[in-house]
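The values are calculated or read from the model by the stated rules, or taken from the named source; none is laboratory data. All values reported here derive from a predicted model rather than from experimental measurement. Methodologically, a virtual Cβ is constructed for each residue, glycine included, from the backbone with ideal geometry; neighbour enumeration extends over all protein chains shown. Protein only, heavy atoms only, side chains kept; ligands, DNA and RNA dropped before computing areas. Shrake-Rupley method; radii C 1.70, N 1.55, O 1.52, S 1.80 Å.
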Amino acid sequence: MPRMKSQLSNAAYGVLDYLAYPLGLLAVTPPMLRELGNDRFGVWMFAGAAINIGAVIASGFGDANIRIVATQKAVGDHDKVVRAVRGTMGIHLALGSAMSIMAGLACPILATRLAAGLPGLRGDALWSLRLASIMILIRAIESVCISTQRAFERYGAAVRVSVLARMASLAAAVMVSIVTHSVTGALAATCIISACGVFVQLAHLRRLLRAASLLPLLEHETALALLGFGIFAWIQAVSGLVLGQLDRLLTGISFGAAAVASYSLCVQLCQPIYGVTAAGLHFLFPRIAAKDALGDEAGVRSTILMGICANILMVGTGTAGMLIFGGPLLRAWAGASVAETGGSLLPVIAWSTAASGLGVAGVYSMFALGRVKSVTCFILGGGTVMAAAMWLLSRRYGLQGLAWGRLCYGPITCLVYVPLAKMLGKRPAIHARSAAPIELIEETQ
(Lines give C-alpha, C1' and ligand atoms only; values in the text may rest on other atoms or scores of the structure.)
Protein backbone atom coordinates (compact mmCIF):
# COMPACT_ATOMS: atom_id res chain seq x y z
CA MET A 1 0.00 0.00 0.00
CA PRO A 2 2.73 2.60 0.78
CA ARG A 3 4.43 1.78 -2.53
CA MET A 4 1.15 2.20 -4.46
CA LYS A 5 0.51 5.50 -2.66
CA SER A 6 4.00 6.69 -3.62
CA GLN A 7 3.46 5.73 -7.28
CA LEU A 8 0.10 7.50 -7.40
CA SER A 9 1.70 10.57 -5.82
CA ASN A 10 4.50 10.55 -8.41
CA ALA A 11 1.93 10.19 -11.21
CA ALA A 12 -0.11 13.10 -9.83
CA TYR A 13 2.94 15.34 -9.56
CA GLY A 14 3.94 14.39 -13.10
CA VAL A 15 0.54 15.50 -14.39
CA LEU A 16 0.75 18.69 -12.31
CA ASP A 17 4.14 19.47 -13.84
CA TYR A 18 2.68 19.03 -17.33
CA LEU A 19 -0.50 21.05 -16.78
CA ALA A 20 0.55 23.86 -14.43
CA TYR A 21 2.50 26.10 -16.81
CA PRO A 22 0.10 25.87 -19.81
CA LEU A 23 -2.85 26.64 -17.54
CA GLY A 24 -0.92 29.52 -15.96
CA LEU A 25 -0.03 30.82 -19.41
CA LEU A 26 -3.68 30.64 -20.41
CA ALA A 27 -4.63 32.67 -17.33
CA VAL A 28 -2.07 35.45 -17.86
CA THR A 29 -2.61 35.83 -21.60
CA PRO A 30 -5.51 38.35 -21.40
CA PRO A 31 -3.73 40.83 -19.06
CA MET A 32 -0.40 40.43 -20.88
CA LEU A 33 -2.08 41.01 -24.23
CA ARG A 34 -3.89 44.07 -22.85
CA GLU A 35 -0.78 45.63 -21.30
CA LEU A 36 1.77 44.80 -23.99
CA GLY A 37 -0.37 45.07 -27.11
CA ASN A 38 -0.37 42.63 -30.00
CA ASP A 39 3.16 43.33 -31.22
CA ARG A 40 4.96 43.10 -27.89
CA PHE A 41 2.83 40.15 -26.82
CA GLY A 42 3.96 38.42 -30.01
CA VAL A 43 7.59 39.09 -29.04
CA TRP A 44 6.93 37.63 -25.57
CA MET A 45 5.41 34.47 -27.08
CA PHE A 46 8.27 34.16 -29.56
CA ALA A 47 10.81 34.47 -26.74
CA GLY A 48 9.00 31.75 -24.78
CA ALA A 49 9.04 29.43 -27.79
CA ALA A 50 12.77 30.10 -28.28
CA ILE A 51 13.43 29.23 -24.61
CA ASN A 52 11.50 25.97 -24.90
CA ILE A 53 13.24 24.90 -28.12
CA GLY A 54 16.70 25.78 -26.81
CA ALA A 55 16.04 24.05 -23.48
CA VAL A 56 14.94 20.81 -25.18
CA ILE A 57 18.11 20.73 -27.27
CA ALA A 58 20.32 21.62 -24.29
CA SER A 59 18.73 19.16 -21.85
CA GLY A 60 18.54 15.97 -23.86
CA PHE A 61 20.72 13.92 -21.50
CA GLY A 62 18.26 14.03 -18.59
CA ASP A 63 16.93 10.54 -19.40
CA ALA A 64 20.45 9.11 -19.33
CA ASN A 65 20.93 10.70 -15.92
CA ILE A 66 17.66 9.19 -14.65
CA ARG A 67 18.60 5.69 -15.75
CA ILE A 68 22.14 5.69 -14.40
CA VAL A 69 21.24 7.36 -11.10
CA ALA A 70 18.27 5.02 -10.57
CA THR A 71 20.34 1.88 -11.21
CA GLN A 72 23.30 3.00 -9.09
CA LYS A 73 21.03 4.09 -6.25
CA ALA A 74 19.36 0.66 -6.35
CA VAL A 75 22.68 -1.20 -5.99
CA GLY A 76 23.92 1.25 -3.33
CA ASP A 77 26.83 2.82 -5.24
CA HIS A 78 26.59 6.40 -3.94
CA ASP A 79 29.89 7.49 -5.48
CA LYS A 80 28.74 6.60 -9.00
CA VAL A 81 25.43 8.36 -8.40
CA VAL A 82 27.25 11.61 -7.60
CA ARG A 83 29.63 11.17 -10.53
CA ALA A 84 26.71 10.60 -12.90
CA VAL A 85 24.98 13.78 -11.71
CA ARG A 86 28.15 15.83 -12.00
CA GLY A 87 28.78 14.34 -15.44
CA THR A 88 25.28 15.30 -16.58
CA MET A 89 25.86 18.77 -15.16
CA GLY A 90 28.96 19.08 -17.32
CA ILE A 91 27.18 17.96 -20.48
CA HIS A 92 24.18 20.22 -19.89
CA LEU A 93 26.40 23.19 -19.06
CA ALA A 94 28.28 22.65 -22.31
CA LEU A 95 25.13 22.24 -24.41
CA GLY A 96 23.31 25.04 -22.58
CA SER A 97 26.22 27.44 -23.01
CA ALA A 98 26.54 26.59 -26.70
CA MET A 99 22.81 27.08 -27.31
CA SER A 100 22.81 30.30 -25.26
CA ILE A 101 25.71 31.74 -27.25
CA MET A 102 24.17 30.73 -30.59
CA ALA A 103 20.84 32.25 -29.60
CA GLY A 104 22.60 35.41 -28.41
CA LEU A 105 24.37 35.80 -31.74
CA ALA A 106 21.08 35.39 -33.59
CA CYS A 107 19.28 37.99 -31.45
CA PRO A 108 19.98 41.08 -33.61
CA ILE A 109 18.74 39.35 -36.78
CA LEU A 110 15.64 37.93 -35.09
CA ALA A 111 14.84 41.24 -33.41
CA THR A 112 15.03 43.04 -36.76
CA ARG A 113 12.64 40.52 -38.33
CA LEU A 114 10.23 40.68 -35.40
CA ALA A 115 10.18 44.48 -35.43
CA ALA A 116 9.89 44.85 -39.20
CA GLY A 117 8.03 48.09 -39.88
CA LEU A 118 8.00 48.97 -36.15
CA PRO A 119 11.32 50.72 -35.35
CA GLY A 120 10.32 51.44 -31.74
CA LEU A 121 9.92 47.74 -31.03
CA ARG A 122 13.41 46.59 -32.04
CA GLY A 123 15.22 47.52 -28.82
CA ASP A 124 12.62 45.83 -26.63
CA ALA A 125 12.69 42.72 -28.84
CA LEU A 126 16.50 42.60 -28.87
CA TRP A 127 16.92 42.67 -25.09
CA SER A 128 14.03 40.28 -24.59
CA LEU A 129 15.69 37.73 -26.87
CA ARG A 130 19.03 38.20 -25.11
CA LEU A 131 17.36 37.41 -21.79
CA ALA A 132 15.68 34.41 -23.43
CA SER A 133 19.12 33.12 -24.46
CA ILE A 134 20.22 33.26 -20.80
CA MET A 135 17.08 31.37 -19.81
CA ILE A 136 18.13 28.47 -22.04
CA LEU A 137 21.22 27.91 -19.87
CA ILE A 138 19.16 28.23 -16.66
CA ARG A 139 16.72 25.58 -17.90
CA ALA A 140 19.59 23.27 -18.86
CA ILE A 141 20.95 23.39 -15.31
CA GLU A 142 17.46 23.00 -13.82
CA SER A 143 16.88 19.82 -15.83
CA VAL A 144 19.80 18.12 -14.04
CA CYS A 145 18.15 18.78 -10.68
CA ILE A 146 14.73 17.61 -11.86
CA SER A 147 15.98 14.44 -13.56
CA THR A 148 18.02 13.46 -10.48
CA GLN A 149 15.07 13.97 -8.15
CA ARG A 150 12.97 11.83 -10.48
CA ALA A 151 15.63 9.12 -10.49
CA PHE A 152 15.22 9.05 -6.70
CA GLU A 153 11.44 8.81 -7.31
CA ARG A 154 10.99 12.14 -5.53
CA TYR A 155 8.69 13.75 -8.11
CA GLY A 156 7.02 15.98 -5.55
CA ALA A 157 10.28 17.60 -4.45
CA ALA A 158 11.25 18.38 -8.03
CA VAL A 159 7.84 19.56 -9.20
CA ARG A 160 6.96 21.79 -6.25
CA VAL A 161 9.93 24.10 -6.70
CA SER A 162 9.71 24.08 -10.49
CA VAL A 163 5.98 24.81 -10.62
CA LEU A 164 6.21 27.47 -7.91
CA ALA A 165 9.05 29.24 -9.75
CA ARG A 166 7.22 29.19 -13.07
CA MET A 167 3.93 30.38 -11.61
CA ALA A 168 5.78 33.15 -9.76
CA SER A 169 7.58 34.14 -12.96
CA LEU A 170 4.26 34.39 -14.82
CA ALA A 171 2.73 36.50 -12.04
CA ALA A 172 5.80 38.75 -11.97
CA ALA A 173 5.71 39.11 -15.76
CA VAL A 174 2.13 40.38 -15.54
CA MET A 175 2.91 42.85 -12.76
CA VAL A 176 6.03 44.18 -14.49
CA SER A 177 4.21 44.54 -17.82
CA ILE A 178 1.49 46.57 -16.09
CA VAL A 179 4.13 48.98 -14.77
CA THR A 180 6.57 49.11 -17.69
CA HIS A 181 4.60 47.86 -20.73
CA SER A 182 7.91 46.26 -21.69
CA VAL A 183 8.70 42.71 -22.82
CA THR A 184 12.25 43.17 -21.55
CA GLY A 185 10.98 43.88 -18.04
CA ALA A 186 8.71 40.83 -18.11
CA LEU A 187 11.55 38.57 -19.31
CA ALA A 188 13.94 40.05 -16.74
CA ALA A 189 11.52 39.16 -13.94
CA THR A 190 11.18 35.64 -15.37
CA CYS A 191 14.97 35.28 -15.58
CA ILE A 192 15.58 36.40 -11.98
CA ILE A 193 12.87 34.20 -10.46
CA SER A 194 13.93 31.19 -12.54
CA ALA A 195 17.55 31.62 -11.43
CA CYS A 196 16.44 31.76 -7.79
CA GLY A 197 14.42 28.59 -8.33
CA VAL A 198 17.45 26.81 -9.75
CA PHE A 199 19.58 27.84 -6.75
CA VAL A 200 16.93 26.31 -4.47
CA GLN A 201 16.88 23.15 -6.61
CA LEU A 202 20.68 22.89 -6.44
CA ALA A 203 20.63 23.28 -2.66
CA HIS A 204 18.03 20.51 -2.34
CA LEU A 205 20.02 18.31 -4.72
CA ARG A 206 23.24 18.76 -2.79
CA ARG A 207 21.50 17.74 0.44
CA LEU A 208 19.86 14.77 -1.25
CA LEU A 209 23.17 13.49 -2.63
CA ARG A 210 25.18 14.45 0.46
CA ALA A 211 27.74 15.73 -2.04
CA ALA A 212 30.60 18.07 -1.24
CA SER A 213 30.33 19.57 -4.73
CA LEU A 214 28.03 19.55 -7.74
CA LEU A 215 30.61 21.09 -10.07
CA PRO A 216 30.84 19.45 -13.52
CA LEU A 217 32.99 16.34 -13.65
CA LEU A 218 33.41 14.55 -16.98
CA GLU A 219 35.50 11.47 -16.30
CA HIS A 220 35.91 8.79 -18.96
CA GLU A 221 33.74 5.98 -17.55
CA THR A 222 30.79 8.17 -16.56
CA ALA A 223 30.94 10.21 -19.77
CA LEU A 224 30.84 7.05 -21.90
CA ALA A 225 27.81 5.74 -19.99
CA LEU A 226 25.97 9.07 -20.29
CA LEU A 227 26.83 9.59 -23.93
CA GLY A 228 26.14 5.97 -24.91
CA PHE A 229 22.54 6.23 -23.71
CA GLY A 230 22.03 9.98 -23.85
CA ILE A 231 22.94 10.59 -27.48
CA PHE A 232 19.95 8.51 -28.63
CA ALA A 233 17.63 10.16 -26.11
CA TRP A 234 18.90 13.54 -27.37
CA ILE A 235 18.21 12.54 -30.99
CA GLN A 236 14.68 11.58 -29.97
CA ALA A 237 14.12 14.89 -28.18
CA VAL A 238 15.30 16.93 -31.16
CA SER A 239 13.41 14.81 -33.69
CA GLY A 240 10.28 15.04 -31.52
CA LEU A 241 10.68 18.83 -31.53
CA VAL A 242 10.88 18.86 -35.33
CA LEU A 243 8.07 16.34 -35.86
CA GLY A 244 5.85 18.23 -33.44
CA GLN A 245 5.94 21.28 -35.71
CA LEU A 246 6.13 19.53 -39.10
CA ASP A 247 2.40 19.17 -39.69
CA ARG A 248 1.80 22.84 -38.92
CA LEU A 249 4.57 23.88 -41.30
CA LEU A 250 3.07 21.73 -44.06
CA THR A 251 -0.37 23.19 -43.32
CA GLY A 252 0.92 26.74 -43.63
CA ILE A 253 2.84 26.05 -46.83
CA SER A 254 0.00 24.18 -48.50
CA PHE A 255 -3.21 25.76 -47.20
CA GLY A 256 -2.41 29.18 -45.69
CA ALA A 257 -2.63 30.91 -42.33
CA ALA A 258 -6.35 30.33 -41.68
CA ALA A 259 -5.90 26.57 -42.06
CA VAL A 260 -2.90 26.66 -39.71
CA ALA A 261 -5.06 28.28 -37.02
CA SER A 262 -7.82 25.65 -37.24
CA TYR A 263 -5.44 22.71 -37.50
CA SER A 264 -3.13 23.93 -34.71
CA LEU A 265 -6.02 24.52 -32.30
CA CYS A 266 -7.29 20.96 -32.93
CA VAL A 267 -3.81 19.57 -32.25
CA GLN A 268 -3.47 21.70 -29.11
CA LEU A 269 -6.86 20.56 -27.84
CA CYS A 270 -5.99 16.87 -28.35
CA GLN A 271 -2.40 17.06 -27.08
CA PRO A 272 -3.30 16.33 -23.42
CA ILE A 273 -4.37 12.81 -24.44
CA TYR A 274 -0.68 12.10 -24.97
CA GLY A 275 0.84 14.69 -22.66
CA VAL A 276 -1.06 13.81 -19.49
CA THR A 277 -0.39 10.09 -20.08
CA ALA A 278 3.35 10.66 -20.63
CA ALA A 279 3.64 12.92 -17.59
CA GLY A 280 1.57 10.68 -15.36
CA LEU A 281 3.47 7.48 -16.22
CA HIS A 282 6.99 8.90 -16.16
CA PHE A 283 7.58 7.33 -12.75
CA LEU A 284 7.72 3.94 -14.51
CA PHE A 285 11.15 4.83 -15.92
CA PRO A 286 13.18 5.08 -12.69
CA ARG A 287 11.06 2.39 -10.96
CA ILE A 288 11.70 -0.25 -13.64
CA ALA A 289 15.38 0.73 -13.95
CA ALA A 290 15.88 0.26 -10.20
CA LYS A 291 14.10 -3.12 -10.14
CA ASP A 292 16.09 -4.29 -13.14
CA ALA A 293 19.38 -3.31 -11.47
CA LEU A 294 18.41 -5.43 -8.44
CA GLY A 295 17.46 -8.41 -10.61
CA ASP A 296 13.84 -8.26 -9.45
CA GLU A 297 12.26 -10.08 -12.40
CA ALA A 298 8.80 -10.26 -10.86
CA GLY A 299 8.94 -6.58 -9.95
CA VAL A 300 9.96 -5.58 -13.49
CA ARG A 301 7.14 -7.62 -15.04
CA SER A 302 4.47 -6.42 -12.62
CA THR A 303 5.50 -2.76 -12.96
CA ILE A 304 5.46 -2.95 -16.75
CA LEU A 305 2.07 -4.71 -16.75
CA MET A 306 0.65 -2.11 -14.35
CA GLY A 307 2.03 0.65 -16.57
CA ILE A 308 0.46 -0.81 -19.72
CA CYS A 309 -2.94 -1.15 -18.03
CA ALA A 310 -2.74 2.42 -16.72
CA ASN A 311 -1.61 3.58 -20.18
CA ILE A 312 -4.65 2.04 -21.86
CA LEU A 313 -7.01 3.44 -19.22
CA MET A 314 -5.61 6.99 -19.40
CA VAL A 315 -5.54 7.13 -23.20
CA GLY A 316 -8.98 5.54 -23.48
CA THR A 317 -10.51 8.00 -21.02
CA GLY A 318 -8.90 11.01 -22.67
CA THR A 319 -9.87 9.92 -26.17
CA ALA A 320 -13.47 9.21 -25.21
CA GLY A 321 -13.73 12.62 -23.56
CA MET A 322 -12.32 14.34 -26.63
CA LEU A 323 -14.62 12.52 -29.06
CA ILE A 324 -17.67 13.39 -26.95
CA PHE A 325 -16.85 16.93 -25.80
CA GLY A 326 -14.14 18.06 -28.25
CA GLY A 327 -16.48 19.68 -30.77
CA PRO A 328 -18.33 21.88 -28.26
CA LEU A 329 -15.03 22.76 -26.55
CA LEU A 330 -13.49 23.83 -29.86
CA ARG A 331 -16.52 25.97 -30.69
CA ALA A 332 -16.53 27.63 -27.24
CA TRP A 333 -12.75 28.13 -27.26
CA ALA A 334 -12.09 29.29 -30.81
CA GLY A 335 -15.42 30.32 -32.29
CA ALA A 336 -17.79 29.03 -34.94
CA SER A 337 -15.54 29.58 -37.97
CA VAL A 338 -12.64 27.59 -36.55
CA ALA A 339 -15.00 24.88 -35.28
CA GLU A 340 -16.55 24.55 -38.74
CA THR A 341 -13.16 23.93 -40.35
CA GLY A 342 -11.77 21.85 -37.49
CA GLY A 343 -14.89 19.79 -36.75
CA SER A 344 -14.00 17.07 -39.25
CA LEU A 345 -10.29 17.18 -38.34
CA LEU A 346 -10.70 16.83 -34.59
CA PRO A 347 -11.71 13.12 -34.43
CA VAL A 348 -8.86 12.09 -36.74
CA ILE A 349 -6.32 14.11 -34.75
CA ALA A 350 -7.72 12.68 -31.51
CA TRP A 351 -7.26 9.09 -32.77
CA SER A 352 -3.73 9.82 -34.02
CA THR A 353 -2.78 11.34 -30.67
CA ALA A 354 -4.28 8.34 -28.88
CA ALA A 355 -2.27 5.94 -31.05
CA SER A 356 0.93 7.75 -30.07
CA GLY A 357 -0.13 7.78 -26.42
CA LEU A 358 -0.59 4.01 -26.30
CA GLY A 359 3.17 3.55 -26.75
CA VAL A 360 4.14 5.57 -23.65
CA ALA A 361 4.48 2.64 -21.21
CA GLY A 362 6.45 0.66 -23.76
CA VAL A 363 8.86 3.50 -24.46
CA TYR A 364 9.54 4.13 -20.76
CA SER A 365 10.01 0.40 -20.15
CA MET A 366 12.48 0.09 -23.01
CA PHE A 367 14.34 3.14 -21.76
CA ALA A 368 14.57 1.66 -18.29
CA LEU A 369 15.89 -1.64 -19.64
CA GLY A 370 18.56 0.07 -21.75
CA ARG A 371 17.01 -0.38 -25.20
CA VAL A 372 17.17 3.27 -26.20
CA LYS A 373 18.54 2.45 -29.68
CA SER A 374 15.49 0.39 -30.56
CA VAL A 375 13.14 3.13 -29.35
CA THR A 376 15.03 5.70 -31.41
CA CYS A 377 14.68 3.56 -34.53
CA PHE A 378 10.92 3.18 -34.06
CA ILE A 379 10.42 6.89 -33.39
CA LEU A 380 12.51 8.03 -36.33
CA GLY A 381 10.89 5.40 -38.56
CA GLY A 382 7.42 6.49 -37.47
CA GLY A 383 8.31 10.13 -38.05
CA THR A 384 9.64 9.43 -41.54
CA VAL A 385 6.54 7.46 -42.56
CA MET A 386 4.29 10.13 -41.04
CA ALA A 387 6.03 12.95 -42.92
CA ALA A 388 5.77 11.09 -46.23
CA ALA A 389 2.12 10.17 -45.64
CA MET A 390 1.14 13.71 -44.68
CA TRP A 391 2.79 15.13 -47.78
CA LEU A 392 1.22 12.59 -50.17
CA LEU A 393 -2.25 12.51 -48.60
CA SER A 394 -2.47 16.30 -48.29
CA ARG A 395 -1.85 16.68 -52.01
CA ARG A 396 -4.73 14.32 -52.79
CA TYR A 397 -7.23 14.94 -49.97
CA GLY A 398 -6.29 18.39 -48.69
CA LEU A 399 -6.30 19.26 -45.00
CA GLN A 400 -8.16 16.06 -44.13
CA GLY A 401 -5.38 14.03 -45.76
CA LEU A 402 -2.80 15.85 -43.66
CA ALA A 403 -4.65 14.84 -40.51
CA TRP A 404 -4.90 11.23 -41.69
CA GLY A 405 -1.16 11.20 -42.28
CA ARG A 406 -0.63 11.70 -38.53
CA LEU A 407 -2.20 8.28 -37.92
CA CYS A 408 0.89 6.57 -39.33
CA TYR A 409 3.13 7.61 -36.44
CA GLY A 410 1.47 6.03 -33.41
CA PRO A 411 1.12 2.42 -34.63
CA ILE A 412 4.79 2.33 -35.64
CA THR A 413 6.00 3.61 -32.27
CA CYS A 414 3.73 1.05 -30.56
CA LEU A 415 5.88 -1.64 -32.16
CA VAL A 416 8.24 -1.12 -29.20
CA TYR A 417 6.07 -3.68 -27.42
CA VAL A 418 7.41 -6.42 -29.73
CA PRO A 419 11.08 -6.27 -28.59
CA LEU A 420 9.86 -5.52 -25.06
CA ALA A 421 7.91 -8.80 -25.00
CA LYS A 422 10.97 -10.66 -26.32
CA MET A 423 13.16 -9.10 -23.64
CA LEU A 424 10.79 -10.12 -20.88
CA GLY A 425 11.04 -13.68 -22.17
CA LYS A 426 14.83 -13.59 -21.71
CA ARG A 427 15.08 -12.04 -18.26
CA PRO A 428 17.88 -14.31 -16.95
CA ALA A 429 20.20 -13.21 -19.77
CA ILE A 430 19.36 -9.57 -19.11
CA HIS A 431 20.07 -9.96 -15.40
CA ALA A 432 23.40 -11.61 -16.14
CA ARG A 433 24.44 -8.53 -18.04
CA SER A 434 23.41 -6.19 -15.22
CA ALA A 435 26.54 -7.03 -13.25
CA ALA A 436 28.46 -3.93 -14.38
CA PRO A 437 26.37 -1.25 -12.69
CA ILE A 438 27.25 1.94 -14.52
CA GLU A 439 27.84 0.47 -17.94
CA LEU A 440 25.10 0.90 -20.51
CA ILE A 441 23.44 -2.45 -21.18
CA GLU A 442 24.24 -3.40 -24.75
CA GLU A 443 21.32 -4.33 -26.93
CA THR A 444 21.01 -7.84 -28.25
CA GLN A 445 20.79 -8.23 -31.95
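Against the condition open to solvent by 10 Å² or more (accessible area, probe 1.4 Å), assigned to a helix (DSSP H, G or I) and either of a type in the set (D, E, K, R) or within 27 Å of LYS5 (Cα to Cα) (or both), how does ILE312 come out, does it pass?
It is true that ILE312 is open to solvent by 10 Å² or more (accessible area, probe 1.4 Å), assigned to a helix (DSSP H, G or I) and either of a type in the set (D, E, K, R) or within 27 Å of LYS5 (Cα to Cα) (or both).
Looking only at region 33-46, which residues are open to solvent by less than 50 Å² (accessible area, probe 1.4 Å) and either among the small types (Gly, Ala, Ser) or within 26 Å of the chain's Cα centre (by Cα) (or both)?
GLY37, PHE41, GLY42, VAL43, TRP44
Quick one: in region 135-176, of everything that is in a loop (DSSP other than H, G, I, E, B) and charged (D, E, K, R), which residue is nearest to GLY197 (Cα to Cα)? Break it down into steps so the answer makes sense when it comes.
Of all residues in region 135-176, those in a loop (DSSP other than H, G, I, E, B) come to 152-154.
Narrowing further to those that are charged (D, E, K, R): 153-154.
Working: GLU153: 20, ARG154: 17 Å.
Out of the qualifying residues, it is ARG154.
For the structure I just gave you, tell me whether GLY381 is under 30 Å from ALA293 (Cα atoms) and either outside any loop (DSSP other than H, G, I, E, B) or not basic (Lys, Arg) (or both). Working first, answer last.
Values: under 30 Å from ALA293 (Cα atoms): yes; either outside any loop (DSSP other than H, G, I, E, B) or not basic (Lys, Arg) (or both): yes.
For GLY381, the condition - under 30 Å from ALA293 (Cα atoms) and either outside any loop (DSSP other than H, G, I, E, B) or not basic (Lys, Arg) (or both) - is met.
Among the candidates LEU187, LEU227, single out the residue that is open to solvent by 60 Å² or more (accessible area, probe 1.4 Å), among the aliphatic types (A, V, I, L, M) and over 19 Å from GLN149 (Cβ atoms).
LEU227
Each row is one residue, and each column tells you yes or no for (1) of a type in the set (Asp, Glu); (2) open to solvent by less than 20 Å² (accessible area, probe 1.4 Å); (3) touching a Leu at 6+ places or on another chain (Cβ under 6 Å).
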residue	(1), (2), (3)
LYS5	no, no, no
TYR13	no, no, no
ASP17	yes, no, no
ALA20	no, yes, no
PRO31	no, no, no
GLY48	no, no, no
ILE53	no, no, no
SER59	no, no, no
ALA64	no, yes, yes
